[in-house]
Amino acid sequence: AIPVYGHRRVLNDLRRRFAYVFETVNRYPGAPSVDTIEVENNKPFVIGNKTVIPVNVWHGNLQVFGFRIDDFAYLTDVKTITPEEIAKLKGLKVLVVNALREEPHDTHFNLNEALDFINLVRPETAYLTHISHHMGFHEKAQEKLPPNVFLAYDNLEITIP
């Protein structure tokens, strides 16, 4: 079974949208097998030998999770975050965070908000993800960024020292 970690709201939505995956009677033979694991606020969990720390962020009015593993954190769909949750991100080597575009947006950081957030958290290196075409061409957009901030891209591999 494939482990699927998520907020209770998300797991319930998956069960509703993909009921055939969770069927126990007269199960379709080609359906994937999943093992759902509920992620709870402020409750770290373990995958393999790694502890995963959920980070509560707000995607507009919707609470979603980002995650910290060791000195790496991944936060996408962020518009706001509380100081208590920001404290979970201190001492990062690598931060991946959304920066949808330069113009303001209701549910995502824009570029200035993402850069302000990066300055607040102070990771050694940051990558911007969840970028729209409104950001412009990669090379031109990269020129606007500080030396330790990079645009993420498909197939990017990050090594954490």
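Throughout, read-outs are computed from the coordinates displayed, never taken from laboratory work. A quick note: this is a predicted structure, and the numbers were derived from the prediction, not measured. Cβ placement follows ideal geometry from the backbone for every residue including glycine, while neighbour counts extend to all protein chains displayed.
Okay, which of the range 108-126 sit inside 11 Å, backbone N to the point 7 Å along the Cα-Cβ direction of N148? Taking a point 7 Å out along Cα→Cβ of N148, the residues of the range 108-126 whose backbone N falls under 11 Å are 118-126.
Summing charges over all other residues whose Cβ lies under 11 Å from the Cβ of P104, with Lys and Arg as +1 and Asp and Glu as -1, gives -2. Here's the list of aspartates and glutamates a cross-link from K50 could span, going by alpha-carbon distance under 20 Å and ignoring same-chain residues fewer than 8 apart: D35, E38, E40, D70, D71, E85, E157.
Modelled this way, with points 7 Å down the Cα-to-C-beta line, the labels at I47 and Q63 are 2.1 nm from one another.
Classify the range 1-70 as rounded, prolate or oblate from the Cα gyration tensor: take a ≥ b ≥ c as the square roots of its eigenvalues, call it rounded if a/c is under 1.5, otherwise prolate when a/b beats b/c and oblate if not. It is oblate, given that a/c is not under 1.5 and a/b is not larger than b/c.
Which pairs, out of K79/K144; K93/K144; K43/K93; K43/K79; K88/K140, put more than 28 Å between their alpha-carbon atoms? Pairs exceeding the cut-off: K88/K140.
Each residue of the range 96-106 in order: what ³J(HN,Hα) in whole Hz does its phi give by Karplus 6.51 cos²θ - 1.76 cosθ + 1.60, θ = phi - 60°, with x for Gly and Pro? The phi angles translate into 10, 9, 6, 8, 4, 6, 7, 6, x, 9, 6 Hz.
Spin-label pair E40-E102: with each label point 7 Å from Cα along the Cα-Cβ axis, the two points sit 4.6 nm from one another.
Equivalent-ellipsoid semi-axes for the range 70-161 (Cα gyration tensor, √(5λ), whole Å, largest first): 19, 16, 11.
Database remark: amide H of H59 closer than 5 angstrom to the amide H of V64, K79 (H placed geometrically; neighbours at sequence offset of 5 or more, or on other chains; Pro and chain starts carry no H).
Can you tell me which of 88-96, 153-161, 41-49, 54-62 comes out highest on packing, and rank the rest after it, using the mean Cβ neighbours within 10 Å?
Values: 88-96: 18.2, 153-161: 7.9, 41-49: 10.2, 54-62: 16.7.
For the peptides 88-96, 153-161, 41-49, 54-62, the packing ranking is 88-96, 54-62, 41-49, 153-161.
By how many degrees, between 0 and 90 and to the nearest 10, does the Cα long axis of helix 8-17 differ from the longest principal axis of the chain? Relative to the chain, helix 8-17 is tipped by roughly 60 degrees.
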